[in-house]
């Protein structure tokens with residue numbers, strides 16, 4: 001009889017792994033190829049550069065919004081406007097079934113109050129404002145994803161919503177979008193941010209906390225001003241404010257665990273106009289607090305005012321006008337499963353870089369270009385979506401390239417975008433949306449099959465309770481199970497589908513309860529694994545399993561028979577004891593009524 005060899009085991013393992021690969025793990029290279037087509041690249045560049053010329057303040061993105069709606073009209077994509085003041089909810093793309101799984105893709109629209117210092121043909125035309133955080137690129141990439149998805153709309157097994165969101169820069173535009181129903185029906189959401197700290201073409205993500213919670217504070221340290229030559233006649237708020245700044249650093253250095261991450265930054269220290277020999281009446285301070293955990297964030301929030309007030313009092317000054325922003329940002333947390341899907345899709349999406357092109361060869365494999373990054377202490381109002389949507393994830397797209405001068409930090413007046421990464425961002429958006437929808441469709445199908453199988457599976461009573469006639473031919477049926485299952489699983493002249501059907505036919509004709517439990521479960525709930533089993537060469541393994549199942553069943557029958565015999569013996573003994581007790585009880589009154597017995601007493 002043949003035995004299970006190492007090669008046979010390897011074959012079975014490979015078959016099982018291959019059959020276990022989900023349908024949504026297809027190749028997404030075509031998305032990137034299409035995104036790199038001349039037509040789409042030209043559109044991506046045009047969109048990004050035209051949007052770069054029109055940076056607008058939060059909730060005032062009127063021209064920006066009109067531009068995006070024009071592009072959506074040209075693609076034939078419907079939209080709702082205004083959503084959250086100047087926001088847009090485009091789509092849904094895909095099926096018209098409103099109950100179908102729905103994923104949202106998001107891009108932010110607002111610019112920053114920064115004067116651009118980069119001299120390019122598409123430089124900002126709005127004085128004192130620029131797109132210094134890449135939001136122009138975010139919008140262009142989402143428009144690119146819209147075109148990719150629109151061309152595949154008929155095959156999408158669900159719905160995709162596109163969110164163009166206003167006011168990310170400190171004003172909580174995400175919350176405004178949520179409040180007016182932009183997320184209705186959405187089960188997952190993905191956001192993308194260009195990231196100069198990562199090398200160009202690298203995709204960064206992580207499960208759990210991705211970005212910090214953040215809030216802005218400001219307060220005034222007020223004292224008594226006077227002449228700089230006579231400081232003893234003053235209550236110097238400058239010295240007091242300087243001491244406050246230093247003391248606030250201890251909130252992190254001495255009150256926060258070294259393994260926790262938090263930042264307290266005083267970014268503005270203003271004494272107002274005045275001569276250099278005059279001690280001012282007050283000093284205005286402002287800054288931010290940031291933390292990766294909500295608990296630490298709340299503690300810092302509370303302690304800033306306590307420390308500032310206490311330290312200032314030591315210098316004879318007071319702290320007043322303490323204010324915080326109206327919309328503090330919670331931590332941005334990535335759903336573990338959706339973050340894993342981002343890594344899987346991104347790895348599948350990326351092609352190896354061509355040899356001899358001068359690129360860093362550590363980045364030439366897709367898996368090397370997808371990194372699990374450390375959390376960032378920057379903050380994002382994308383975090384609000386994660387508090388509402390079951391699955392949300394935020395991804396970094398590396399654009400750092402010193403040769404192109406695209407490694408300048410975010411919010412810098414010299415910030416520049418590596419435009420070669422625009423196709424990658426668009427393709428990642430579209431491929432992830434497709435993969436998530438296919439994943440949901442596959443899971444729903446598996447649930448339906450499992451429910452149908454459960455409905456067809458006999459109840460425990462039907463399976464386990466046997467008649468005497470059943471017990472008599474149990475051994476014969478098990479032998480049949482051995483022969484038929486082995487034959488069906490290993491017949492050389494049958495394809496895998498026919499062999500699987502042979503197993504199923506046997507189960508239908510002989511009864512599911514005649515097959516060992518492991519095989520019943522395999523056939524009922526794991527059809528893909530059963531398909532692998534049906535085409536594998538492992539006669540000995542199957543025989544051993546069937547023999548073991550038969551031995552267990554015979555042992556159970558012996559145990560049941562022994563238990564039944566013991567129960568019958570116990571019942572007989574109990575009946576005999578009851579009979580003796582009854583006889584004794586019947587004899588007792590006769591003794592009491594006997595005259596001779598009384599006479600003798």
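The values are calculated or read from the model by the stated rules, or taken from the named source; none is laboratory data. Not measured: the values here are computed from a predicted model. Here the Cβ positions follow ideal geometry from the backbone for every residue, glycine too, while neighbour counts run over all protein chains shown.
Brief remarks on what is shown
- Residue within region 414-437 that is at pLDDT 95 or above, loosely packed, with under 14 Cβ neighbours inside 10 Å and within 30 Å of residue 117 (Cα to Cα) present: yes
- Taken together, the criteria exclude residue 244 from residues that are loosely packed, with under 15 Cβ neighbours inside 10 Å, within 19 Å of residue 216 (Cβ to Cβ), at pLDDT 95 or above and touching a helix residue (DSSP H, G or I) at 6+ places or on another chain (Cβ under 6 Å).
- Residues within region 228-241 that are surrounded by 13 or more Cβ atoms within 10 Å (Cβ to Cβ) and part of a loop (DSSP other than H, G, I, E, B), tallied: 3
- Failed criterion for residue 344 (all others in (1) in contact (Cβ under 8 Å) with a residue 40 or more places away in the chain; (2) touching a helix residue (DSSP H, G or I) at 6+ places or on another chain (Cβ under 7 Å) hold): (2)
- Candidates 225, 208 - the one that is over 24 Å from the mean Cα position of the chain (by Cα) and surrounded by fewer than 22 Cβ atoms within 10 Å (Cβ to Cβ): 225
- Those residues of region 270-279 which are farther than 14 Å from residue 315 by Cβ and either outside any strand (DSSP E or B) or touching a residue at least 40 places away in the same chain (Cβ under 8 Å) (or both), in sequence order: 271, 272, 273, 274, 275, 276, 277, 278
Let's see how each residue does on (1) closer than 24 Å to residue 92 by Cβ; (2) touching a helix residue (DSSP H, G or I) at 6+ places or on another chain (Cβ under 7 Å); (3) outside any helix (DSSP H, G or I):
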site: 397; (1), (2), (3): no, yes, yes
site: 415; (1), (2), (3): no, no, yes
site: 421; (1), (2), (3): no, no, no
site: 434; (1), (2), (3): yes, no, no
site: 437; (1), (2), (3): yes, no, no
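- Filter result for residue 76 (in contact with a strand residue (DSSP E or B) (Cβ under 8 Å, 6 or more places away or on another chain), surrounded by fewer than 24 Cβ atoms within 10 Å (Cβ to Cβ) and closer than 23 Å to residue 43 by Cβ): no
- Flag if residue 322 is in contact (Cβ under 8 Å) with a residue 12 or more places away in the chain and crowded, with 21+ Cβ neighbours inside 10 Å: no
- Scanning region 313-338 for residues that are more than 27 Å from residue 258 (Cα to Cα) and part of a helix (DSSP H, G or I) yields 313, 314, 337, 338.
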